[in-house]
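Student: The structure under discussion is supplied below as structure tokens; questions concerning it will follow.
Values quoted throughout were computed directly from the atomic coordinates according to the rules given, and no laboratory measurement underlies them. A quick note: this is a predicted structure, and the numbers were derived from the prediction, not measured. Cβ: placed from backbone, ideal geometry, glycine included. Neighbour counts: every protein chain shown.
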């Protein structure tokens, strides 16, 4: 079935795994770091087009808790890219009316990077065009573990017994203690480069998300590719365990 542009069901929140930067560089006999730079430059273009289509939130997997296992030179380059991006971000997001947010464990990041993240969140907090959420030093299992730690810390402050706490724990309590507490769950998840796994990404939030896998490498992922993903989403019958009307 051919979906026309005016018939698109545009998801409110899209999550993207930005995969294939290294392979993009290798195909061109360039260092992997060149692929990461090219991929970083693609973020604004995709967010601008998503905003034009009516998307409200985009979460991008920029650096996972497992990415520290990569060569030190590559990790350092990625951290330098994040810092450079944040140095330019205030003008970039003011121009596009983007709100910049971050999820993940910041404690392992450099103090300078943490301060830049905090600064840009504060500067863009009143922008209402689109929320760009960058997952940096993020892992889904780590996030759930930190959620339970928060729940236990808060229970201790309230003087709750283990039984009282156990009786209170439900899905909402866990969700309310995740990094994404005030952000709706994604309706569509896109992974580029042909890999078909979640790689520890938003494992709680993606419970009822539609998955779209494309062989296109992230630096080459353009407006047509995003439109194709949303067309795919538009054809899905989202029943959430129930039956279609």
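Student: From the Cα gyration tensor of the range 109-218, with a ≥ b ≥ c the square roots of its eigenvalues, which class applies: rounded if a/c is under 1.5, or else prolate if a/b is larger than b/c, or else oblate?
Tutor: Judged from the Cα gyration tensor, the range 109-218 comes out oblate (a/c at least 1.5, b/c at or above a/b).
Student: First measure r as the distance between the Cβ atoms of residue 158 and residue 182, then evaluate 1/(1 + (r/R0)^6) with R0 = 30 Å and state the FRET efficiency to the nearest 0.05.
Tutor: Between residue 158 and residue 182 the formula returns 0.90.
Student: Right, next: Do you know the relative contact order of the chain, to the nearest whole percent, from alpha carbon pairs under 8 angstrom that are 6+ apart?
Tutor: Here the relative contact order equals 29 percent.
Student: Continuing with this model, one more query. Considering the chain as a Gaussian network with a 10 Å cut-off on Cα pairs, which listed residue, 68, 24, 218, attains the greatest mean-square fluctuation?
Tutor: Most flexible of the set in this elastic network: 68.
Student: Do the sum for the chain: with -39,500 (n - 2.57) for every DSSP H run of n ≥ 4, divided by all residues, what is the mean residue ellipticity at 222 nm, to the nearest 500 deg cm²/dmol?
Tutor: The helix contribution divided over the chain gives -14500 deg cm²/dmol.
Student: Under a GNM of the chain (C-alpha, springs under 10 Å), which listed residue has the highest mean-square fluctuation: 118, 149, 163?
Tutor: Taking springs between Cα atoms under 10 Å, the residue moving most is 163.
Student: Moving on to the next point. GNM on the chain, C-alpha springs below 10 Å: top fluctuator among 199, 234, 161?
Tutor: The residue with the greatest mean-square fluctuation here is 161.
Student: Could you give the length gained on full extension between residue 200 and residue 125, defined as 0.36 nm per residue of separation minus the Cα-Cα distance, in nm?
Tutor: 24.2 nm
Student: Using Cα-Cα distances under 8 Å and only pairs 6 or more residues apart, what relative contact order does the range 89-144 have, in percent?
Tutor: 52 percent
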